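**Student:** Before we start, here is the structure in question, set down as structure tokens.
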Amino acid sequence: MITASPSRSDSPAETSALAIRCRNVTKHYGSGDAKVIALRGIDLDVRQGELMMLVGPSGCGKTTLISVIAGILDRDEGECSVFDQDFSAMSQRARTLWRGQKIGFVFQAFNLIPTLNAAENVAVPLMILGESRAAAVRKAQDRLAQVGLESRWRSYPNQLSGGQQQRVAIARAMIHEPKLIVCDEPTSALDHETGHVIMRLLKTVALQPDRALVIVTHDARIFGFADRIAKMDDGRVVKIVDDPNHLHAEE
Amino acid sequence: MIFVALKMLIGDRLKYLGLLAGVAFATLLIVQQSSILVGLAHQTGSFIRDTAQGDLWVMDEQVRFSQDSLNLRDTVLQQVRGVAGVRWAVPVYQGFLKARLGDGTRATCILVGIDDATLTGGPPSMVEGSLADLRQDRAVLIDHDAAPQKLRLRNAGGHLRYNDRFDINDHEVRVAGTYRASKSFFWEPVIYTTYSRALSIAPAERKMLTYVLVKTQPGADLAAVARDIHAATGLTARTNEEFAAVTRDYILTETGILVNFGLAVGLGFVIGVLICGQMLYNFTLDSLRYYGSLKAMGATGLTLIIMVLAQVFAVGVLGYGIGIGFGSLLGKLVGNAGLAFMMPWWIPVIAAIAILVICAVAAVLSLTQVLRLEPAIVFRA
């Protein structure tokens, strides 16, 4: 078992508090002959202010791990806490509410609601938290300005390019100032240049000293944006890379 | 989040209009078919209501509807006049007779003979001539509005008119006037004449009196008078409403129109359930990814239930309104064309309940999908 704790003594984040702490997390799907073990005892720490990437081949458990971390999938065994909050100790409703307040999501396919304009899409997390539509949309316009889309707030998703849609999705993930933002393949649907723009945005705008970013990706071109990279294979973290550029070169 | 739900619904115009059309069509079908059935049922009592100058109809107890002539002894009239509480009583003859129009066209008509002295029991209003013209030689009255269809001269063209002569049971009669009556469920044209002339035209039978029309004394208890008439004559006395209801019930149960229209109403309901349920279910399925995102982003089960219910409610209310609107418009057009259509207050209420059930089924189908949804679906490509 590999512990993904900081290994470099000169790491600037070494003394930071933990945002995510996973110990011996296991998860399987199905039963009998159809049983698939997705996570085989994951140990992983993510520090506050850190951008952690989960990389590895398809089916290695990245998406399952990010789902467990985000509290949208129950683990079988082990411990996992996010900002000291253990989801297994919470009711379904409390977990959902906590997720709504503390976690932001960026999806591979953006998942913007096609019948809402950009500002309304960004405002959704605030409306879920009970904020009025008018106030939520006002704040959404400010967030869109942060990602460079202040003039496109009335545009519908089908009127935006892939990169612009992902920027809207990032604004949506940030609007309620969550402690943790989880991103699933945020650049896989984008070209190289747009992918870098998105990553720069995530790193500069979404990441704060008291927050954390976990990104699942296959895209070796963006490894350089990570503070650390957890390399996964067959349901395990097989390597923690403290020098992402080194891994980029390897890949 | 109701705003988000409604924008999700309305934003997809094609599906939204499809859903609206489904609910509106179901409403229209339920309302329109029910209203036609009620209109037809109402028309079965047109003759009774048009001849409602009296309070009671005295008849054989075996009479099942207003055109079901089971004649009575002539002496019954005097017996009824002798019952306490009866102010006046007049005879009415009614029988199906063959008519031959001027150009040779044959038609079956209902000949109604009303009291010679008072002309009580006549049609409600006259168009040409007057009721008193019935006292002229060979005089009969025909229905002004029904004549073009029911007394059409198939050979010569046109239809029977004021002052025309024709034969009823080989007796020549003359149209001394035309009247306007309520639309009737029964096809045969009603031709009025005096009681004595009706008896001379109709084939002779031992009993020729069909009904005795009775007016009671002011303040008299109708039920008590009816009981006394029964005691005195052995016959049944029915109020106008009772007679109309007996006629309506007979027509509805014996002719099968209740089953036919009931099937159409049921079909509207089933179509509504299938169309709306299926479309809303598909709409929800298509939106599952977004519901999953909302769930992941913190939307509770209750929030999602409210969202789906808001969508169903919006479609239901608007579709119902459109359906009722079209139904009323259709009723107006159908009514102007003289066809049966009557929409009492309870038909929209029943339609509303049916639409509520349709929407509830659609909502349950949709919610089953949404509530079972694993938010982790959002991370699956």
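The values are calculated or read from the model by the stated rules, or taken from the named source; none is laboratory data. The model shown is predicted, which means the values in this text are computed figures rather than measured ones. Here the Cβ is made from the backbone with ideal geometry for all residues, glycine too, and neighbour counts use every protein chain on show. Side chains included, ligands, DNA and RNA excluded: accessible areas come from the protein's heavy atoms. Shrake-Rupley method; radii C 1.70, N 1.55, O 1.52, S 1.80 Å.
**Student:** Provide a list, ordered by number, of residues in region B:1-49 showing at least 40 Å² less accessible area with every protein chain present than when their chain is taken on its own, using a 1.4 Å probe.
**Tutor:** B:M1, B:F3, B:V4, B:K7
**Student:** Using modelled backbone amide H atoms (1.01 Å from N, in-plane), which distant-in-sequence or interchain residues come within less than 5 Å of A:A226's amide H?
**Tutor:** none
**Student:** Given the options B:S34, B:S125, B:S184, which has the most mean-square fluctuation in a GNM of chain B, springs set between C-alpha atoms less than 10 angstrom apart?
**Tutor:** With Cα springs under 10 Å in chain B, the top fluctuation among B:S34, B:S125, B:S184 is at B:S125.
**Student:** Name the chymotrypsin sites (Phe, Trp or Tyr not before Pro) in region B:184-289 that are in a loop by DSSP and that have at most 10 other C-beta atoms within 10 Å, would you?
**Tutor:** Numbers: sites: B:F185, B:F186, B:W187, B:Y192, B:Y195, B:Y211, B:F243, B:Y250, B:F261, B:F269, B:Y281, B:F283; in loops: B:F185, B:F186, B:W187.
Qualifying residues, ordered by number: B:W187.
**Student:** Counting only protein heavy atoms, probe 1.4 Å: which residues of region A:113-132 lose 50 Å² or more of accessible surface in the full assembly compared with their chain by itself?
**Tutor:** Relative to the lone chain, where solvent access is computed with a 1.4 Å probe, region A:113-132 loses at least 50 Å² at A:I113, A:T115, A:M127, A:I128.
**Student:** Continuing with the same structure: I'd like the carbon and sulfur percentage of the solvent accessible area for chain B, probe radius 1.4 Å, heavy atoms only, ligands and nucleic acids excluded.
**Tutor:** Working: 10030 of 16740 Å².
For chain B, the apolar C and S fraction of the accessible surface comes to 60 percent.
**Student:** What is the distance, in nm, between label points placed 7 Å from the Cα along the Cα-to-Cβ direction at B:N163 and at B:W346?
**Tutor:** Using points 7 Å along Cα→Cβ, the separation is 5.0 nm.
**Student:** Taking all protein chains as present, what is the carbon and sulfur share of the accessible area of region A:18-250, in % to the nearest whole number, probe 1.4 Å? Please list the in-between numbers first.
**Tutor:** Numbers: 4010 of 8850 Å².
Using a 1.4 Å probe with all protein chains present, region A:18-250 comes out at 45 percent carbon and sulfur.
**Student:** While we're looking at this one, here's another question. Treating cross-link reach as a plain straight distance, find the aspartates and glutamates whose alpha-carbon is under 18 Å from the alpha-carbon of B:K15, omitting any fewer than eight places away in the same chain.
**Tutor:** Within the straight-line limit of under 18 Å, B:K15 reaches these aspartates and glutamates: B:D286.
**Student:** A further question on this structure: Within chain B, what's the longest stretch lacking GluC sites (Glu not before Pro) that sit in DSSP loops with no more than 12 other Cβ atoms inside 10 Å?
**Tutor:** On the way: sites that count: B:E61, B:E205.
Answer - B:206-381.
**Student:** How much net charge surrounds B:M279 when only the other residues with a Cβ under 14 Å from the Cβ of B:M279 are counted, with Lys and Arg +1 and Asp and Glu -1? Intermediate values should be presented prior to the final figure.
**Tutor:** Working: positive: B:R13, B:K15; negative: B:D12, B:D286.
Around B:M279, the charge tally is 0.
**Student:** Right, something else. Accessible area per residue, 1.4 Å probe, Å², for region B:73-234: what's the number? Don't jump to the answer; show the numbers that get you there.
**Tutor:** Details: 7410 Å² over 162 residues.
Heavy-atom SASA per residue in region B:73-234 reads 46 Å².
**Student:** Do you know the relative contact order of chain A, to the nearest whole percent, from alpha carbon pairs under 8 angstrom that are 6+ apart?
**Tutor:** Working: 524 pairs, mean separation 68.0, N = 251.
This gives 27 percent for chain A.
**Student:** Once both axes come from the Cα atoms, what is the angle between helix A:92-102 and the longest principal axis of chain A, in degrees from 0 to 90, rounded to 10?
**Tutor:** With both axes taken from Cα atoms, the answer is about 70 degrees.
**Student:** Amide H to amide H, which residues 5 or more places from A:R211 or on other chains are under 5 Å from it, using H placed in the peptide plane?
**Tutor:** A:G49
**Student:** For A:K139, give me every one of the aspartates and glutamates with a C-alpha distance below 15 angstrom, ignoring sequence neighbours fewer than eight places off in its own chain.
**Tutor:** A:E120, A:E131, A:E150, A:E177
**Student:** Hey, another quick one. Identify the trypsin sites (Lys or Arg not before Pro) of region B:188-286 meeting these criteria: DSSP loop state and at most 11 other C-beta atoms within 10 Å of the C-beta. Working shown, then result.
**Tutor:** Details: sites: B:R197, B:R206, B:K207, B:K215, B:R227, B:R238, B:R248; in loops: B:R206, B:K207.
Within region B:188-286, the qualifying trypsin sites (Lys or Arg not before Pro) (loop, at most 11 other Cβ atoms within 10 Å) are B:R206.
**Student:** Here is a follow-up. Averaging sequence separations of C-alpha pairs under 8 Å and six or more residues apart, then dividing by the length of region A:43-110, give the relative contact order as a whole percent.
**Tutor:** On the way: 22 pairs, mean separation 12.2, N = 68.
Once normalised by length, the contact order is 18 percent.
**Student:** For region B:164-207 and region A:191-238, what is the separation of their Cα centres, given in Å?
**Tutor:** 98
**Student:** Cross-link partners among aspartates and glutamates for A:K231, C-alpha distance below 18 Å, same-chain residues fewer than 8 apart left out?
**Tutor:** A:D43, A:D45, A:E50, A:D184, A:E185, A:D219, A:D242, A:D243, A:E250, A:E251
**Student:** Pairs of lysines 8 or more apart, or on different chains, with alpha carbons under 27 Å: count those in region B:73-234, would you?
**Tutor:** Values: B:K98/B:K150; B:K98/B:K183; B:K98/B:K207; B:K150/B:K183; B:K183/B:K215; B:K207/B:K215.
Total qualifying Lys-Lys pairs in region B:73-234 comes to 6.
**Student:** Further, regarding this structure: Hey, can you find the accessible area per residue of region A:18-250 for me, probe 1.4 Å, expressed in square angstrom?
**Tutor:** Values: 8850 Å² over 233 residues.
For region A:18-250, the per-residue accessible area is 38 Å².
**Student:** Say the cut-off is 23 Å between C-alpha atoms; which of A:K179/A:K203; A:K102/A:K239; A:K62/A:K203 go over it? Intermediate results must be reported in sequence, preceding the final value.
**Tutor:** On the way: A:K179/A:K203 14 Å; A:K102/A:K239 28 Å; A:K62/A:K203 20 Å.
Those over the limit are A:K102/A:K239.
**Student:** Considering protein heavy atoms only and a 1.4 Å probe radius, which residues within region A:91-110 exhibit an accessible-area decrease of no less than 30 Å² in the full assembly relative to the chain by itself?
**Tutor:** A:R93, A:T96, A:R99, A:F105, A:F107
**Student:** Could you go through region B:100-109 in sequence order and give the Karplus-derived ³J(HN,Hα) for each residue, using 6.51 cos²θ - 1.76 cosθ + 1.60 with θ = phi - 60°, rounded to whole Hz, and x for Gly and Pro?
**Tutor:** 10, 7, x, 9, x, 4, 9, 8, 9, 10
**Student:** Report the relative contact order of region B:73-234, percent, no decimals, based on alpha-carbon pairs under 8 angstrom and at least 6 residues apart.
**Tutor:** Relative contact order, region B:73-234: 36 percent.
**Student:** Anyone know which of A:K179, A:K62, A:K239 comes out most mobile in the 10 Å Cα GNM of chain A?
**Tutor:** Residue with maximal mean-square fluctuation among A:K179, A:K62, A:K239: A:K239.
**Student:** Work out from phi, with θ = phi - 60° and the Karplus expression 6.51 cos²θ - 1.76 cosθ + 1.60, the ³J(HN,Hα) of each residue of region B:221-235, listed in order in whole Hz, and give x for Gly and Pro.
**Tutor:** Values, residue by residue: 7, 4, 5, 5, 5, 4, 5, 5, 4, 4, 5, 7, 10, x, 9 Hz.
**Student:** For chain B, with a Gaussian network of springs between Cα atoms less than 10 Å apart, report the residue from B:A107, B:A26, B:A156 with the top mean-square fluctuation.
**Tutor:** B:A156
**Student:** Give me the summed buried accessible area for the B-A pair, 1.4 Å probe, to the nearest 100 Å². Show your work: numbers first, answer last.
**Tutor:** Working: alone 17990 and 11390 Å², together 26960 Å².
That pair hides around 2400 Å² of surface in total.
**Student:** A follow-up question, please. If you take every residue apart from B:L235 with its C-beta less than 9 Å away from the C-beta of B:L235, what net charge results, scoring Lys and Arg +1 and Asp and Glu -1?
**Tutor:** On the way: positive: none; negative: B:D60, B:E61.
Net charge in that neighbourhood comes out at -2.
**Student:** Around A:V122, with a cut-off of 9 angstrom between Cβ atoms, what is the net charge of the other residues, counting Lys and Arg +1 and Asp and Glu -1?
**Tutor:** Details: positive: A:K139, A:R143, A:R172; negative: A:E120.
It works out to a net charge of +2.
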